[in-house]
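**Q** Just passing along the structure, written as structure tokens.
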Amino acid sequence: MISRLRGAPVGRSPDGLVLDVGGVGYLVAATPSALRRATDAREVTLETYLHVREDALQLYGFADAAERELFVHLLAVSGIGPKVALAVVSSAPPVELRRAIALGDPARFQVIPGIGKKTAERIVLELRGSIADAIEPGVEDQTPAALVARDALVELGYSIVEAERVLAAVDPDLPAEERVREALRSAA
């Protein structure tokens, strides 16, 4: 297993980043955060995952261990292959995705290209137990108000990501209605 590579980024292609490690060029399908890390860098270290199939070896690259760990968890979900897992991990920071899983929020995943309603529900259902342990204490107590507030902002035209970002700046102890009001005031 190749779990980390350190080398010089020497090129990009539609398939990913080419990383020169000791004179060998590795083609790595990477997350946007890993690609940003490689931009204008002389040398970069990427956490990697080697996916082995009968007909191919594919290397996936991540900016940090948290991205790789979430990617591996996603591969354990039935019907999720490495390309879809990479799309999920690339859609948001791992902490946000883990929070959505722990909160039982499949809508967060439905906005990702290639993820339908059933796949999003399967991700939440199959990973909720294993991911919930990694979330900060007390998030379960905030679940109803957080989801109601976020869904209200989405109904008002915010994207899920925008709604979560705005709500992150609001006191989480407020009732859902107050959280929405505060979020709208701060966004104006």
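The values are calculated or read from the model by the stated rules, or taken from the named source; none is laboratory data. In this text, all values refer to a predicted model and were calculated from it rather than measured experimentally. Quick reminder, even Gly has a Cβ in these numbers, built from the backbone with ideal geometry, and neighbours come from all protein chains shown.
**Q** When only residues in the range 58-69 that are of a type in the set (A, V, I, L, M) and either at pLDDT 95 or above or under 10 Å from Thr31 (Cα atoms) (or both) count, which is farthest from the chain's Cα centre (by Cα)?
**A** Leu59
**Q** Here's a follow-up. Please state which one of Glu43, Glu47 is touching a helix residue (DSSP H, G or I) at 6+ places or on another chain (Cβ under 7 Å) and at pLDDT 95 or above.
**A** Values: Glu43 fails: touching a helix residue (DSSP H, G or I) at 6+ places or on another chain (Cβ under 7 Å).
Only one candidate qualifies: Glu47.
**Q** Restricting the search to the range 159-188, which residues are assigned to a helix (DSSP H, G or I), over 24 Å from the mean Cα position of the chain (by Cα) and at pLDDT below 80?
**A** Passing the criteria: only Ala187.
**Q** Report yes if some residue within the range 73-87 is charged (D, E, K, R) and more than 26 Å from Leu125 (Cα to Cα); otherwise report no. Spell out the reasoning first.
**A** Taking the range 73-87 and keeping what is charged (D, E, K, R), we get 83.
The next check asks that each one be more than 26 Å from Leu125 (Cα to Cα); those that pass are none.
No: zero hits.
**Q** Does Thr39 satisfy the criteria of being free of Cβ contacts under 8 Å to residues at least 40 places away in the same chain and of a type in the set (Ser, Thr, Tyr)? It would help to see each step written out before you state the result.
**A** On the way: free of Cβ contacts under 8 Å to residues at least 40 places away in the same chain: yes; of a type in the set (Ser, Thr, Tyr): yes.
So Thr39 passes the test.
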